[in-house]
1. Report the residue, chosen from Gly11, Gly22, Gly86, that carries the largest GNM mean-square fluctuation when the chain is represented by alpha-carbon nodes joined by springs under 10 Å.
2. Show me the ranking of peptides 15-21, 59-65 by mean Cβ neighbours inside 10 Å, starting with the highest.
3. With the cut-off at 1.5 for a/c, could you classify the range 1-45 from its C-alpha gyration tensor as rounded, prolate or oblate?
4. Nearest-5 percent of antiparallel DSSP beta bridges in the chain?
5. Compute the helix-to-body angle for 36-45: its Cα long axis versus the longest principal axis of the chain, expressed 0 to 90° and rounded to tens.
6. Want the number for Ser81 to Met2: 0.36 nm per residue separation, take away the alpha-carbon distance, what's left?
7. From Cα pairs below 8 angstrom and at least 6 apart in sequence, can you work out the relative contact order of the range 1-88, rounded to a whole percent?
Amino acid sequence: MMAALVSIYTGIPVRNDTAMTGEITLAGLVLPVGGIKEKVLAARRSGIHRIILPRENEKNLRDLPEHVRNEMEFIFVETVSELISGLFRPVERKRIPA
């Protein structure tokens, strides 16, 4: 939900190669959630190989088979600002001639 709101507000589309999970607080913190193994495997089955997770869920990756861990890119975040950095591709600024 947060990603969609930021995307609408900025006009920048969210990366379509990235999945994410976590709970966001009103203070802007990203809290851990359960079911990481199942969520990662579901994303992989869907062709997603880049996942943003709460930093506190990093320990849950040991539950995944090694070959899955090796072929996925994991980004661990603690705050919403870190999450936003991982969700959007850098914007190319075009100079308009005067």
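1. Maximum fluctuation in the GNM of the chain, among the listed residues, is at Gly11.
2. Numbers: 15-21: 15.7, 59-65: 13.1.
Top to bottom by mean Cβ count within 10 Å: 15-21, 59-65.
3. Oblate, because a/c is 1.5 or more while a/b does not exceed b/c.
4. Among the beta bridges of the chain, antiparallel pairing accounts for roughly 25 percent.
5. Taking Cα atoms only, the helix is inclined about 70 degrees.
6. 27.3 nm
7. 33
Read-outs: derived from the displayed coordinates by stated rules, not from any lab. Owing to the predicted nature of the structure, the values given are computational and were not obtained by experimental measurement. Cβ: placed from backbone, ideal geometry, glycine included. Neighbour counts: every protein chain shown.
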